[in-house]
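Enquirer: Shown below is the structure under consideration.
The values are calculated or read from the model by the stated rules, or taken from the named source; none is laboratory data. Keep in mind it's a predicted model, so treat the numbers as computed, not measured. Here the Cβ is made from the backbone with ideal geometry for all residues, glycine too, and neighbour counts use every protein chain on show. Accessible surface areas use protein heavy atoms only, side chains included; no ligands, DNA or RNA. Shrake-Rupley method; radii C 1.70, N 1.55, O 1.52, S 1.80 Å.
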Amino acid sequence: MAEEALKIMCNYTFLIDQNQTPLKPVHPAQARKLLNWGKASVFRLYPFTLILKKSILDPNVYPLTLKIDPGSQVTGFALVTDRGEVVWRMQLEHRGAIIKKRLDQRRALRRQRRSRLRYRKPRSRMRDLFEFSLNGT
């Protein structure tokens, strides 16, 4: 039952008319035909959206619901129809883990740099002897 409720049609392409009114998403093959016939052009690459070169007089606006699944490391977004079909989905990675990882890398490099001391020969004994003779003692 749950599998039937979440039919996935994720490859669908968004479609808007010339007035930027959202229309029903189309299958990629239909989108390719619209592009080849010159009836539409690319409006946006992500999410991939086509814009028709003519306006629709009475557009039938397709009802979609945005579902959000907040997580600790990733947030999921999905556009779902009234029948429960997923039209589009994406995951957004939170930057907190990435920032922490990069700070740890910087700390490790800094510690490595500070611990990498070159071997240096001890100071010359002549300098000490020279200073001793100048003091006169």
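Enquirer: So Trp88 ticks every box in (1) modelled with pLDDT of 90 or more; (2) touching a Cys at 6+ places or on another chain (Cβ under 8 Å); (3) not hydroxyl-bearing (Ser, Thr, Tyr) but one. Which box is left unticked?
Expert: Exception for Trp88: condition (1).
Enquirer: Considering Leu15, Leu66, which residue is surrounded by 14 or more Cβ atoms within 10 Å (Cβ to Cβ) and in a strand (DSSP E or B)? Talk me through it step by step, then tell me what you get.
Expert: Details: Leu66 fails: surrounded by 14 or more Cβ atoms within 10 Å (Cβ to Cβ).
Matching residue, one of Leu15, Leu66: Leu15.
Enquirer: Here is a further query. Among all residue pairs at least 6 apart or on different chains, which show Cβ distances below 8 Å where the first residue, located in segment 34-52, is farther than 11 Å from Leu15 by Cβ and the second is open to solvent by 80 Å² or more (accessible area, probe 1.4 Å) and assigned to a loop (DSSP other than H, G, I, E, B)?
Expert: Gly38/Lys53; Ser41/Lys53
Enquirer: Inside segment 18-51, can you point out the residues that are surrounded by 13 or more Cβ atoms within 10 Å (Cβ to Cβ), closer than 24 Å to Glu85 by Cα and aliphatic (A, V, I, L, M)?
Expert: Once the filter is applied, which keeps residues that are surrounded by 13 or more Cβ atoms within 10 Å (Cβ to Cβ), closer than 24 Å to Glu85 by Cα and aliphatic (A, V, I, L, M), segment 18-51 yields Leu23, Val26, Ala31, Leu34, Leu50, Ile51.
Enquirer: Residues in segment 39-56 that are under 14 Å from Asp17 (Cα atoms) and in a loop (DSSP other than H, G, I, E, B): how many?
Expert: Let us first name the residues in segment 39-56 that are under 14 Å from Asp17 (Cα atoms), namely 39-44, 49-56.
Restricting the remaining residues to those that are in a loop (DSSP other than H, G, I, E, B) gives 39, 53-56.
Qualifying residue count for the region: 5.
Let's see how each residue does on (1) modelled with pLDDT of 85 or more; (2) part of a helix (DSSP H, G or I); (3) among the β-branched types (Val, Ile, Thr); (4) under 30 Å from Phe77 (Cα atoms):
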{"site": "Leu109", "(1), (2), (3), (4)": "yes, yes, no, no"}
{"site": "Arg118", "(1), (2), (3), (4)": "no, no, no, no"}
{"site": "Pro122", "(1), (2), (3), (4)": "no, no, no, no"}
{"site": "Asp128", "(1), (2), (3), (4)": "no, yes, no, no"}
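Enquirer: What are the residues in segment 54-79 that are at pLDDT 90 or above and in contact with a Lys or Arg (Cβ under 6 Å, 6 or more places away or on another chain), if any?
Expert: Correct list: Ala78 only.
Enquirer: Check Arg89, Arg102 and return the single one that is charged (D, E, K, R) and farther than 30 Å from Leu15 by Cβ. Outline the logic, then answer.
Expert: Details: Arg89 fails: farther than 30 Å from Leu15 by Cβ.
After ruling out the rest, the residue left standing is Arg102.
Enquirer: If the Cβ limit is 6 Å and pairs must be 6+ apart or interchain, which residue in segment 59-75 that is touching a residue at least 12 places away in the same chain (Cβ under 8 Å) and within 27 Å of Glu93 (Cα to Cα) pairs with which residue that is of a type in the set (Val, Ile, Thr) and surrounded by 10 or more Cβ atoms within 10 Å (Cβ to Cβ)?
Expert: Taking only residues 6 or more apart or on different chains, the pairs are Thr65/Val80; Lys67/Val80.
Enquirer: Would you tally the residues in segment 76-107 being open to solvent by less than 40 Å² (accessible area, probe 1.4 Å) and not hydroxyl-bearing (Ser, Thr, Tyr)? Break it down stepwise before answering.
Expert: From segment 76-107, those open to solvent by less than 40 Å² (accessible area, probe 1.4 Å) are 76, 78-81, 84-87; that's our starting set.
Cutting the leftovers down to not hydroxyl-bearing (Ser, Thr, Tyr) gives us 76, 78-80, 84-87.
The qualifying residues number 8.
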